Amino acid sequence: MSDSLVAAVSILFFGVAYGMVLYLVSVGLSVTMGLMGVVNLAHGVFATAGGYVATALMMSFGVPFLPAVVGGMIGAVILSIPLEWLLYRRLYGGDELDQVLLTIGLVFMSVAVCKFFWGPLAQPFQPPQWLSGSITVAGRQFPAFRSFVILAGAVVFAVLWLGLERTRFGAQIRAAVDNRRMAQSVGINTSQLFTWTFALGSALAALGGSLGAEILAIEPAYALEHLVYFLIVVSVGGLGSIRGPFFAALLLGVADTGFKYLLPDFGAFFIYAITLVVLLVRPRGLFGLA
Amino acid sequence: MHKLLVSAPALLIAFGTAASAQTVKIGVINTLSGPDVQQGEMLERGLELYDKLHAKDLGGVKVELVKRDDTGLNPDTAKRLAQELVTRDHVNLITGFVWSPNFMAVAPVATQGKVPMVSLNAAALPAVGMSPFMVRTSFTLTQQAYPLGKWAAKQGYKKAYTAATDYAPGNEGAAAFTKSFTEAGGQVIGSVKFPAPPQTPDFAPFLQKVKDAKPDVLYVFVPAGAQATSVLRAVHDLDFKGAGITVISTEDLDPDEEFPNIGSLGVGLVTSGVYDSDATRPGNKEFVADYYKQYGTKLAPDFETADAWSGMKMIFDMIKATKGKFTGEQAMDFFSHYKDSNGPKGEWLIDPSTRQIVQNVYMRRLEMRNGKLFDTEFDNLGLMDAMGQPYAAK
């Protein structure tokens, strides 16, 4: 293979793996923002929670990798339902400044809580034996764990896409995103719908957090450190969409990796530039509802 | 007004020293919280241990440690803490310093207040030259990376790549390696820089770039601690071994306390360094035994612990020699001529002309014995000065 082709394959592979993690964490944020109109800056907290629960299960209790990831998702759901009832419910349709202040407060609290229980260090994460090392595809080696992350992201995207298009629950979500009052008046229990969508979004964030622990290390400030990227994925992708964040996350992941690979000295400069241009041309994001 | 402000600390110190002859106040600026607390913890242990075991040998002079937390790579915070320690707490000297940028930031305080600053870890080469009141008992990256480049060329590696964290010690080590490797006839075909703390970078894409370039050998540097394990895991996952790329480093890539996490990922890794806890020197055996007695065997002491221990020994010896009554100049004069023949790191001394540390640089290899990782010294390159050149006493 020529050198530039080798570089392109590397960028694409690592970029897609990174993008998948961003997608898993952000898709729930996109749907809940579109659905409930809540600017939930604390969404990353559920990814952090999932990551901490999963790594703790693996490292301290010897739980195998996949059950530990599921455990992390369950943990995030258990955390999200009371939070939705107690706090988020009061914000629906409310003042945006209130939403931002409350949710950023939750982020700071989560940073302190994680530090208190787990200490300030990034959690040690060891992928299971069957996912360490690399696999060979077309005469080229790819790290096995990242290949698995890509696969998992693609499967989740397909399931969500089909679920939203083909199931009754999905139809209800679409209806409520389009016009909440109309959905309510035709008899959809939007309050219950919100709770379950919120829980689903949190579970997906937890999945992203624990699957992506090697790419975005699980540490107390996780929800704050990566918040900007989650928000970029959502705003570039467009609110309330499943497809939008997917392509936005891939674009962001590949571009970020590519610029780090080719022009490391510029850091994250180009990502912000791309975001700016996309939002200037399409203020509602690539797939946003007009 | 400005003049007054500058001279006030100096006055206060002179006054403070005279008034409390029997108590020496030592300020400690260390990283006690934040994402990089692991390094601060390893340093703290060496410092505390020496204080605990040897406070009684000071002939009645009391030592009071005044501890401050710089929370990580924060030069501004470190400078503010140093100013407060000097003007408010009237400390006689300041030690600690995990981070080079933090250490360099306190240079003006050292000069203006005539307060000695003893770095127990910060390693950037130019730091001690920035004030006549600065000295270190750790190492410089050049000291380890320059001989390493020479060694690598001698092994027959022709094409090298460098990868290092983008801050002073990282860039300095990569430059030193590049210099000696090229001087010895090798070729450095590229370099990458990792984002500096507090970011925890994803190393794999950077290392993939290295792999794609197909060098014979990769010189890599990251600040010690958990990042070392992440790098070694990425190297393993990308199968550098299969691609015929040897990874070598300075001792930051195999800090002893990370061995349980590194495990089989590290087997065969060659590093140049000044300290490993498995060394069989008598000075080290004694130190390691004391350490395990105090802290248990869960975390092995690493170079930060040994450097902190050595630094405290130097400071305590100075206090003993002056009976606790010293000016900044007197302390610096003592430090500049300091020699220790039997420390955990072996023989070491401070070069009077540069105030830089001179010590043995060892070549080490990680080996697995009975399921446990050991760092085995297979070559002693002898006493090296801060530039990584063999030291000849002047």
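The values are calculated or read from the model by the stated rules, or taken from the named source; none is laboratory data. Computed from a predicted structure; not experimentally measured. Neighbour counts run over all protein chains shown; Cβ positions are idealised from the backbone, glycine included.
So the values come out like this:
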quantity: Meets criteria (part of a helix (DSSP H, G or I), surrounded by 24 or more Cβ atoms within 10 Å (Cβ to Cβ) and of a type in the set (S, T, N, Q)) for A:Ser60; calculated: no
quantity: Hits in the range B:239-298 (condition: of a type in the set (A, V, I, L, M), within 17 Å of the chain's Cα centre (by Cα) and part of a loop (DSSP other than H, G, I, E, B)); calculated: B:Val274
quantity: Residue check, B:Ser33 at pLDDT below 95, over 25 Å from B:Gln294 (Cα atoms) and either in contact with a Pro (Cβ under 7 Å, 6 or more places away or on another chain) or acidic (Asp, Glu) (or both); calculated: no
quantity: Number of the condition not met by B:Phe203 [criteria: (1) crowded, with 21+ Cβ neighbours inside 10 Å; (2) under 26 Å from B:Thr354 (Cβ atoms); (3) within 14 Å of chain A (Cβ to nearest Cβ)]; calculated: (2)
quantity: Odd one out for A:Thr55, checked against (1) within 14 Å of another protein chain (Cβ to nearest Cβ); (2) under 25 Å from A:Gln141 (Cβ atoms); (3) surrounded by 15 or more Cβ atoms within 10 Å (Cβ to Cβ); calculated: (2)
quantity: Tally of residues being farther than 18 Å from A:Thr195 by Cα, at pLDDT 90 or above and among the hydroxyl-bearing types (Ser, Thr, Tyr) across the range A:1-54; calculated: 4
quantity: Any hit, the range B:262-278, residues being on the phi < 0 side of the Ramachandran plot and free of Cβ contacts under 8 Å to residues at least 24 places away in the same chain; calculated: no
quantity: B:Ala224 farther than 23 Å from A:Gln129 by Cα, within 14 Å of another protein chain (Cβ to nearest Cβ), crowded, with 24+ Cβ neighbours inside 10 Å and touching a residue at least 60 places away in the same chain (Cβ under 8 Å); calculated: yes
quantity: Per-region count, the range B:307-320, residues touching a Phe, Trp or Tyr at 6+ places or on another chain (Cβ under 6 Å) and farther than 14 Å from B:Ser138 by Cα; calculated: 1
quantity: Selection from the range A:196-226 of residues that are within 14 Å of chain B (Cβ to nearest Cβ), part of a helix (DSSP H, G or I) and surrounded by fewer than 24 Cβ atoms within 10 Å (Cβ to Cβ); calculated: A:Leu224, A:Glu225
quantity: When residues of the range A:110-124 are limited to those that are surrounded by fewer than 16 Cβ atoms within 10 Å (Cβ to Cβ) and of a type in the set (Phe, Trp, Tyr), the one nearest to the other protein chains (Cβ to nearest Cβ); calculated: A:Phe116
quantity: Residue within the range B:169-178 that is within 14 Å of another protein chain (Cβ to nearest Cβ), surrounded by 24 or more Cβ atoms within 10 Å (Cβ to Cβ) and at pLDDT 90 or above present; calculated: yes
quantity: Considering residues of the range A:125-144 that are at the interface with chain B (Cβ under 7 Å from one of its Cβ atoms) and touching a Ser or Thr at 6+ places or on another chain (Cβ under 7 Å) only, the residue surrounded by the fewest Cβ atoms within 10 Å (Cβ to Cβ); calculated: A:Gln141
quantity: Candidates B:Thr305, B:Thr297, filtered to the one that is without any contact (Cβ under 8 Å) to a residue 12 or more places away in the chain and of a type outside the set (Lys, Arg); calculated: B:Thr297
quantity: Residue check, B:Ala18 over 15 Å from B:Ser119 (Cβ atoms), modelled with pLDDT under 95 and touching a strand residue (DSSP E or B) at 6+ places or on another chain (Cβ under 9 Å); calculated: no
quantity: When residues of the range B:240-251 are limited to those that are farther than 16 Å from B:Ile262 by Cβ and touching a helix residue (DSSP H, G or I) at 6+ places or on another chain (Cβ under 8 Å), the one farthest from the other protein chains (Cβ to nearest Cβ); calculated: B:Ile245
quantity: Some residue of the range A:28-44 being hydroxyl-bearing (Ser, Thr, Tyr), under 30 Å from A:Leu263 (Cβ atoms) and either within 14 Å of another protein chain (Cβ to nearest Cβ) or in contact with a Pro (Cβ under 8 Å, 6 or more places away or on another chain) (or both); calculated: yes
quantity: Count - residues of the range B:36-72 that are under 19 Å from B:Pro255 (Cβ atoms), outside any helix (DSSP H, G or I) and either at pLDDT 95 or above or more than 14 Å from chain A (Cβ to nearest Cβ) (or both); calculated: 0
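The rows are residues; the columns are (1) under 28 Å from B:Arg45 (Cβ atoms); (2) not acidic (Asp, Glu).
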residue	(1), (2)
B:Thr95	yes, yes
B:Ala110	yes, yes
B:Pro132	no, yes
B:Gln144	yes, yes
B:Trp151	no, yes
B:Lys158	no, yes
B:Thr165	yes, yes
B:Lys179	no, yes
B:Asp202	no, no
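For every residue, the table says whether it meets (1) within 10 Å of another protein chain (Cβ to nearest Cβ); (2) crowded, with 18+ Cβ neighbours inside 10 Å; (3) within 30 Å of A:Ile218 (Cβ to Cβ); (4) not β-branched (Val, Ile, Thr).
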position	(1), (2), (3), (4)
B:Thr182	no, no, no, no
B:Ile189	no, no, no, no
B:Gln208	yes, yes, yes, yes
B:Pro215	no, yes, no, yes
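Each row is one residue, and each column tells you yes or no for (1) outside the structural domain of B:Gln39 (by TED's automatic domain parsing); (2) within 17 Å of B:Val28 (Cα to Cα).
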position: B:Val118; (1), (2): no, yes
position: B:Gly129; (1), (2): no, no
position: B:Tyr146; (1), (2): yes, no
position: B:Gly149; (1), (2): yes, no
position: B:Ala153; (1), (2): yes, no
position: B:Ala163; (1), (2): yes, no
